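The structure under discussion appears below in the form of C-alpha cells.
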Amino acid sequence: MDHQALAALLFPHITKTIADYEAQYPPRALPEGAVVTRIAPSPTGFVHLGNLYNAIGERLARQTKGVFFLRIEDTDQKREVEGAVEALMDSMHYYGIQFDEGATVEGEHGAYGPYRQRQRKELYQTVAKSLVLRGLAYPCFCTEETLTAMRDAQMEEKANIGYYGKWTNCRTLSYEEIAKRIEAGEPWVLRFASSGDPEHMIPVQDGIRGELRVQENYTDFVLLKSDGIPTYHFAHVCDDHFMRTTHVLRDESWLATLPIHVQLFDTLGWERPLYCHTATLMKMDGESKRKLSKRKDPELALSYYRAEGYPPEAVQQYLLTVLNSNFEEWRLANPQANSREFTFSLEKMSSSGALFDLAKLDHIAKEYLSLQSAEFVYEQLLAWVREYAAAEEAARMEQQREFYLAALRIGRGGEKPRKDFGSWRQAYAFLSFFDRERFVREDACPENISPAHKREILSRYLETLDFADDAVQWFNKVKEITDAMGYAVQVKKYKKNPEDYPGSIVDVSNLIRVAMTGRQNSPDLWEISHVLGEEETRRRIAEYAEESGDV
Ligand code: GLU
C-alpha cells in the first residue's frame, strides 16, 4: 500500500503537520510540578455532580500554580442541547469554580484553543493523516448492518466482540478499491490499525489508584467518524496532548477504554498524562449500593442543590468529605475555615464507589450554616426566596430586614449554635412562624394537657406576661404557673412518679411553644417573643387559648 497516496486521497485538504501544532502549542512554561488539568463536559444539558466532582482538579492546579481549563466536548451534535454550555458555566460559577482558560460564554480565552472540539477538526485530521502516512490507520466502509452481522457471528462463536483479527474486513483493502469506493461516495470511518496483543499487559500509573495493569488494546477502534469528527478517544488524546494537560481527572467508567488511550499516546510518541480515575457516585438503595442514576435520582443533577438552596460551600464540603479521606478530620480541626484552604491530595481520594448520602449533606450544611452570620443567612435566603419561592414573599422579607435579622440571631454565635436548617428551602420553612401570613400550628397541644388546663395555663401566662422581665424572671413565672397548676417543675421528680402529676414543666413550655410558634420544638421562647413583639405574642397566646380543638 502506498500510504502517501492513501493519506492524500483521504485528507487532500490537510496541509499542516503535527510539527506545526507542536510549534503552535509549545510546552507550557510553568513551575516544576505544576498541574495542568481540565474538565471536559459534553453539552448535553445535564450538569451533573460528576462535573463538580472532577472540578476538584482546580484545587490541584491552584495548589501547584498550574492551569485549570474548560474544554467543551461537543463532538456528538445529536446529543447537544441549546444553552447547555451557558448552563454549565453558570453552574460552575455558582460553585466558585474558576477557569484560567477555556471556553467562555463570549467565546474563549487562552493560547491553547480552540476549546470547543468541533472547532478543532483540522487538528484531529492532521494527526489522523499522520497515522495513515505511517500505515497505522485506514478507512473502513463497513455498514451498520455488516457490523451487526459481525457482532452476531462473534456471539455465535463465543469470540470477543470487536473489530480485530480476522474480522477486520477493510484493513486489507487495496488502494484502488478504496479510491473506487470513495469516488462512489461511500461513507467511511477511519480506524486505527492495532497491532496490540491481548496477552500483553501494560502498566499504567493512576494518580488515585496507583499502578494499574491493563490489557493491551487489540481492536481497530474508530478514530474519525464518517463526518470527519473524532471519537472521544481520539479527541481526548489529541487535545490533552496539545493542551499540555498533565492530569486527567475523569470518571472510572473510562477505565474500560484506557488501553485505547495509552496505545494512542504511546504510538504517537506523546507523553501520557497522569490519569486519575475518580470513583463512580453511588447511593444506598435499600440494602444494596447502586450507581446514581439520572432517571431515578434528582440529586445527581447539580441544579438540584441550587434549587433546594444548599449553599455552594456546604456542597463542596460534602463532596470533599465523601471523596477525600482526610477532609473530615481537617474540618473538625478548622471548623470556620473555607474548604479552599484544605490541601487536597489525590492519594487520599477514594477509589471505590463514593457513597452519596443526602442526610450527610444535610448534616454538613446545618453545621456550616450554624456558623454563618445572621446577615449572610438573610442575604442568601432572600436571594433564594426571590428565585425559587415567590417574588412577593421576597419583597416582604426585604421590608422586614431588621425583623428577620433579629429572628436569625436567635441561637446564633454562641458555643453551641442552633442547627435548624441546612438549606434555604429548609430555612424558609423553618422561619415561617415568624411570618404572620405563613404562620400555622403544625404541632398539636401536648397530649397530657386537657382542654381546660390548656385554657387555664395560657390565660395565666397572659396575665403574668411582662415584656420588661428578663429571661430569668420570665422563666420563673412559667415555673410558678407550672407549680400552681399541679405540674412538676422538676422533670426528674415527674419521671420518678409520673402518676402524681398531669405532666411536667416540659409540657407546659411546649404548650406555650405551640401557641407561639406552632411547634413543640423551637428556639428560645423568650427571645422569640421579643422578636415578634408584645402585641403579636399576646395575640397568638390568646388565640390559642380560645381554640377549642387541636390542629
Ligand atoms: N466528555 C467526557 C465526559 O463528559 C470527558 C471525560 C474526560 O474528562 O476526559 O465524560
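The values are calculated or read from the model by the stated rules, or taken from the named source; none is laboratory data. None of the values given here were measured: they were computed from a predicted structure. Note: ideal-geometry Cβ built from the backbone for every residue, glycine included; neighbour counts use all protein chains shown.
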Scan the range 64-73 and give yes if some residue there is touching a Phe, Trp or Tyr at 6+ places or on another chain (Cβ under 7 Å) and away from the ligand (no atom under 12 Å from the Cβ), otherwise no. yes
Tell me, which residue of the range 27-61 that is free of Cβ contacts under 8 Å to residues at least 40 places away in the same chain and not hydrophobic (A, V, I, L, M, F, W, C) is surrounded by the fewest Cβ atoms within 10 Å (Cβ to Cβ)? GLU32
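Residues in the range 73-116 that are aromatic (Phe, Trp, Tyr), within 19 Å of GLN316 (Cβ to Cβ) and outside any helix (DSSP H, G or I): how many?
Residues of the range 73-116 aromatic (Phe, Trp, Tyr): 94-95, 99, 112, 115.
Keeping just the survivors that are within 19 Å of GLN316 (Cβ to Cβ) gives 94-95, 99.
Narrowing the set further to residues that are outside any helix (DSSP H, G or I) leaves 95, 99.
Final tally of qualifying residues: 2.
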Taking only pairs six or more apart or across chains, which ones have beta-carbon atoms under 9 Å, a first residue in the range 375-390 that is touching a residue at least 60 places away in the same chain (Cβ under 8 Å) and over 16 Å from ARG401 (Cβ atoms), and a second residue that is of a type in the set (Gly, Ala, Ser) and in a helix (DSSP H, G or I)? TYR388/ALA307
(1) closer than 28 Å to ARG386 by Cβ; (2) surrounded by fewer than 16 Cβ atoms within 10 Å (Cβ to Cβ): which one isn't true of ALA314, the others all being true? (2)
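If you check THR126 against the conditions, is it within 14 Å of the ligand (Cβ to nearest atom), over 23 Å from the mean Cα position of the chain (by Cα) and modelled with pLDDT of 90 or more? Steps first, please.
Details: within 14 Å of the ligand (Cβ to nearest atom): no; over 23 Å from the mean Cα position of the chain (by Cα): yes; modelled with pLDDT of 90 or more: yes.
When the stated conditions are applied, THR126 does not pass them.
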Which one is nearest to the chain's Cα centre (by Cα), of the residues in the range 21-40 that are more than 16 Å from PHE99 (Cα to Cα) and of a type in the set (Gly, Ala, Ser)? GLY33
Quick check on the range 191-211. Is at least one of its residues within 16 Å of the ligand (Cβ to nearest atom) and outside any loop (DSSP other than H, G, I, E, B)? yes
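For the range 251-262: of the residues being near the ligand (Cβ under 10 Å from one of its atoms) and modelled with pLDDT of 95 or more, which is surrounded by the most Cβ atoms within 10 Å (Cβ to Cβ)?
Taking the range 251-262 and keeping what is near the ligand (Cβ under 10 Å from one of its atoms), we get 251, 253-254, 261.
Narrowing the set further to residues that are modelled with pLDDT of 95 or more leaves 254, 261.
Details: TRP254: 17, HIS261: 23.
Residue satisfying both the conditions and the ranking: HIS261.
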Could you grab me the full set of residues in the range 483-538 that are of a type in the set (S, T, N, Q) and either buried (at least 17 other Cβ atoms within 10 Å of the Cβ) or closer than 17 Å to ALA471 by Cα (or both)? SER504, SER509, ASN510, THR517, GLN520, SER522, SER529, THR537
Just one listed residue, out of TYR368, TYR404, is in contact (Cβ under 8 Å) with a residue 12 or more places away in the chain, crowded, with 19+ Cβ neighbours inside 10 Å and under 24 Å from GLY533 (Cα atoms), and it is TYR404
The lone exception for ALA365 - which of (1) part of a helix (DSSP H, G or I); (2) aliphatic (A, V, I, L, M); (3) over 20 Å from TYR304 (Cα atoms) it fails: (3)
Within the range 88-120, residues under 15 Å from PHE68 (Cα atoms), aliphatic (A, V, I, L, M) and more than 17 Å from the chain's Cα centre (by Cα) come out as ALA103, ALA111
Count - residues of the range 5-60 that are within 11 Å of the ligand (Cβ to nearest atom), in a strand (DSSP E or B) and not hydroxyl-bearing (Ser, Thr, Tyr): 3
Identify the residue in the range 218-242 that is away from the ligand (no atom under 15 Å from the Cβ) and among the β-branched types (Val, Ile, Thr) and, among all such residues, is surrounded by the most Cβ atoms within 10 Å (Cβ to Cβ). THR219
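Got a sec? Which of SER226, SER195, SER174 is in contact (Cβ under 8 Å) with a residue 60 or more places away in the chain and more than 32 Å from the chain's Cα centre (by Cα)? Talk me through it step by step, then tell me what you get.
Working: SER226 fails: in contact (Cβ under 8 Å) with a residue 60 or more places away in the chain; SER195 fails: in contact (Cβ under 8 Å) with a residue 60 or more places away in the chain.
On inspection, the qualifying residue turns out to be SER174.
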